[in-house]
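Below: one structure, written as structure tokens.
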Amino acid sequence: MQRSRSTPVDRIPVSLLTGFLGAGKTTLLNALSQGPDMVGTALLINEFGEVGIDHHLVEKIDERTVLLDSGCVCCSVQGDLVRALKELHQRSSRREIAPITRVIIETTGLADPVPVIYTLMEERFIAARYVCDGVVTVVDATHGLAQLDAHREAVRQVVMADRLVITKGDLTDTASRARLDARLDSLNPGAPRLDVRHGRIEAARLFSSGIYAPADRMPDVAAWLGEERSRDEEARAAALEAPVRWSRHPKPVHAAHGAGRHEDGVTSFVVRFDTPVPWFGFALAMGRILQEHGPRLLRVKGLMNVAGDTLPRVVQCVQNVAYPVVRLPHWPEGGPFEDQRGRLVFITHDLDDAAAQAIRDSLMNLPGDAAAIRIAAASPQLPTRCWLNERIAPSTPGMPQLDGWLIQPRRLRHRTATL
């Protein structure tokens, strides 16, 4: 007898929060984390790229929040996912942390959800203690259709979903939204579609879907999970035939499944800033970068140290769109940002080495604020125009700066007298 999806189980439910780069997963998670329904929830946050950014945006961080960085959870850090779930269960059993009632895994936007779900369903230790409760996929109303057309991962994220959360609906027109809805109807007609603004939604509407049942979905889902099983069996057979190698930190066989997970041409790089940046000069340079390379920039994100501002600023861009900046209440303690130096992570598709170097060069040679303001005034379509409204005192290279004070040169305005 097949168990009903709504039947309660004595295992910890795990919900997968997925969606393509920049769709708004972290915004949703941050809003959810403030609600009473999230008590007892452990968060596993996965990021693609050398420097993790998103977990700094989640305001409620404690010992039950785990960052899986420097790779994608569906491939290079899949073994880390298994270890993290094991450690959470063991620490909870030893009462080192409060009891865990739910786990939410926020995947990187490039993650294929298939191997993650397979791991939850088939890895023995994990499947005995956790149950895949459901998949929530966040879809950007402004970029979602183009992402579904261009990226296999975006399609799989939608097809595997129990809930489709549509974000940024207020930023798109009726015709574009209708085309997106038609595409979602063809990929996953059975998933409820929830429109969300600024991440505001009750957790009960997203989670507690019951046991994840591939049979309830499009035929592709069962086929994809079957392919994952074949990969798993092949990897285990290869491991048995391979010469024995001793290691202090062995990784599960599953960790080697990353080959061929993502499309060719997806790469990432980091730009580091050793000194505080002039805000308007930085905004101008980033605006030009988005104008020239936007279609190949899947996402740009980072924390910036801005001259004249003691708080870090979170910068986020998707393709040729720059989103309003967010100030964090303080610089992160520990990790790469402990030195309070700015870093930007670029996740790109089909961006050649010359273009990547040109981006680095432009960010290392920022114009002063005064010059940037004059240039920006003649560029009404600059993608980062929303950044230019930030009230930061313009800085001048070479001028002294003291704690609590920013010294500015006095400028005289020439006025033409009317006779």
Test for I126: is it buried (at least 17 other Cβ atoms within 10 Å of the Cβ), at negative phi and part of a helix (DSSP H, G or I): yes
Unmet criterion (only one of (1) part of a helix (DSSP H, G or I); (2) surrounded by fewer than 20 Cβ atoms within 10 Å (Cβ to Cβ); (3) modelled with pLDDT of 85 or more) for A237: (3)
The listed residue being touching a Ser or Thr at 6+ places or on another chain (Cβ under 7 Å) and within 23 Å of L29 (Cα to Cα), out of A141, A154, A203: A141
Subset of the stretch 1-39 that is aliphatic (A, V, I, L, M) and open to solvent by 20 Å² or more (accessible area, probe 1.4 Å) - its residue that is modelled with the highest pLDDT: I12
Top-ranked residue of the stretch 298-319 - restricted to ones that are over 17 Å from the mean Cα position of the chain (by Cα) and polar (S, T, N, Q), ranked as nearest to D274 (Cα to Cα): N305
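Output the residues belonging to the stretch 292-334 that are among the basic types (K, R), more than 21 Å from L110 (Cα to Cα) and crowded, with 17+ Cβ neighbours inside 10 Å.
Within the stretch 292-334, the first condition is being among the basic types (K, R), and the residues that meet it are 296, 299, 301, 313, 327.
Checking the rest, the ones that are also more than 21 Å from L110 (Cα to Cα) come to 313, 327.
Passing the criteria: only R313.
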Scope the stretch 261-291; condition in a helix (DSSP H, G or I) and either crowded, with 19+ Cβ neighbours inside 10 Å or free of Cβ contacts under 8 Å to residues at least 24 places away in the same chain (or both); matching residues: W279, F280, G281, F282, A283, L284, A285, M286, G287, I289, L290
Among the candidates R299, R313, R327, R341, residue that is farther than 19 Å from S379 by Cβ, modelled with pLDDT under 95 and in contact with an Asp or Glu (Cβ under 7 Å, 6 or more places away or on another chain): R341
Residues located in the stretch 329-373, provided they are more than 14 Å from L284 (Cα to Cα) and hydrophobic (A, V, I, L, M, F, W, C): W331, F337, L344, V345, F346, I347, L351, A354, A355, A356, A358
Conditions (1) surrounded by fewer than 16 Cβ atoms within 10 Å (Cβ to Cβ); (2) within 20 Å of the chain's Cα centre (by Cα); (3) farther than 30 Å from A146 by Cα; number of the one not met by F337: (1)
Selection status of I347, outside any loop (DSSP other than H, G, I, E, B) and either within 16 Å of W387 (Cα to Cα) or modelled with pLDDT under 85 (or both): no
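The values are calculated or read from the model by the stated rules, or taken from the named source; none is laboratory data. These figures come from a predicted structure and were not determined experimentally. Methodologically, a virtual Cβ is constructed for each residue, glycine included, from the backbone with ideal geometry; neighbour enumeration extends over all protein chains shown. Side chains are part of the model used for accessible areas, which takes the heavy atoms of the whole protein and leaves out ligands, DNA and RNA. Shrake-Rupley method; radii C 1.70, N 1.55, O 1.52, S 1.80 Å.
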